[in-house]
Amino acid sequence: MLIRFLIICLCFLSLPSNDEVTITWSESKKLTWADFRGPVGTDTDAVAVTASGITFSFSVKQNSNDELLSFKAKVEAHFYPEKSWYIKAKGDDHILAHEQLHFDITELHVRKLRYDISKLNMSQHIKEDLRRVHVKANEDLARMQNAYDTQSQNSINKEQQAIWSQFVKDELKKFEDFKSK
C-alpha cells in the first residue's frame with residue numbers, strides 16, 4: 001500500500017486563487033476523508049495523496065527615497081482538497097493519520113519559517129532575506145516529507161509511523177510560539 005504526498009510549493013507572493021478551496025491548518029481541526037475531494041490518480045499505486053504547502057507573502061514599507069523601513073510577512077499552512085484524494089475502498093484511520101501527519105509537517109515548517117522571519121533584521125536587503133528563508137523552508141519541507149514517507153514506508157511500517165508521529169508532535173511543541181491561530 002503506497003501512499004504519496006504532494007507539496008504545493010507556492011511561489012513568492014503567491015496566494016491561493018479566490019476560487020481555490022483551501023483548508024488552513026488548525027490545531028482543533030483534523031482532516032477527514034471528506035476533505036479529500038480530488039480525482040483519484042490512475043497512474044499510481046498510491047492509496048492517498050495529500051496536497052499541502054506553505055503560502056507566503058510579505059509587504060515592505062519604504063520612504064520617498066525608496067529606503068526600506070519595515071516589513072510584514074504572512075505565512076500559512078494550507079491543504080488543497082481538490083488536489084488531495086484517496087481510494088475509498090482502501091482508506092482507513094491509519095492511512096488518514098499518515099495523511100494528517102503530512103499536513104502537520106507542513107505546519108511545522110510554517111512555524112520554523114515564522115521563527116526564521118522573526119530573527120531577520122530590517123535592512124535594505126530584507127526582500128532577498130525573506131525570499132531566501134522562504135526557499136529554504138520549502139526545501140526543508142520537501143526533504144522531511146520524503147524522509148517521512150521513506151522511513152515509514154508510506155505508513156506500512158507502523159513502528160516508524162509512531163516514531164514520526166511523536167517526533168512531529170515534539171517539534172510542533174518546540175515552535176508553539178509560532179503556531180497558526
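The values are calculated or read from the model by the stated rules, or taken from the named source; none is laboratory data. Keep in mind that what you see is a predicted model, and the values were worked out from it rather than measured. Note that each Cβ is placed from the backbone with ideal geometry, even for glycine, and that neighbours are counted across all protein chains shown. The area values use the complete protein model at the heavy-atom level, side chains included, leaving out ligands, DNA and RNA. Shrake-Rupley method; radii C 1.70, N 1.55, O 1.52, S 1.80 Å.
With a Förster radius of 22 Å applied to the beta-carbon distance between residue 147 and residue 181, the computed FRET efficiency rounds to 0.20.
Kirkwood analysis of the Cα pair distances in the chain returns a hydrodynamic radius of 17.2 Å. Given the pairs 88/174; 83/179; 61/112; 29/174; 88/169; 136/181, which span a C-alpha to C-alpha distance of over 32 angstrom in this model? The pairs that break the limit, which is 32 Å between Cα atoms, are 88/174. Averaging Cα coordinates gives a centre for segment 41-75 and one for segment 142-181; these two points are 22 Å apart. Per residue, the chain exposes an accessible area of 54 Å² to a 1.4 Å probe, with every protein chain left in place. When the solvent-accessible area of the chain is split by element, carbon and sulfur atoms take up 52 percent of it, the probe being 1.4 Å. Karplus-derived 3J(HN,Hα) values for segment 57-73, using 6.51 cos²θ - 1.76 cosθ + 1.60 with θ = phi - 60°, are 8, 8, 9, 10, 10, 9, 8, 5, 8, 6, 7, 6, 10, 7, 8, 10, 10 Hz; glycine and proline are entered as x. Ordered from highest to lowest accessible area with the whole protein assembly present and a 1.4 Å probe, 139, 99 read as 139, 99.
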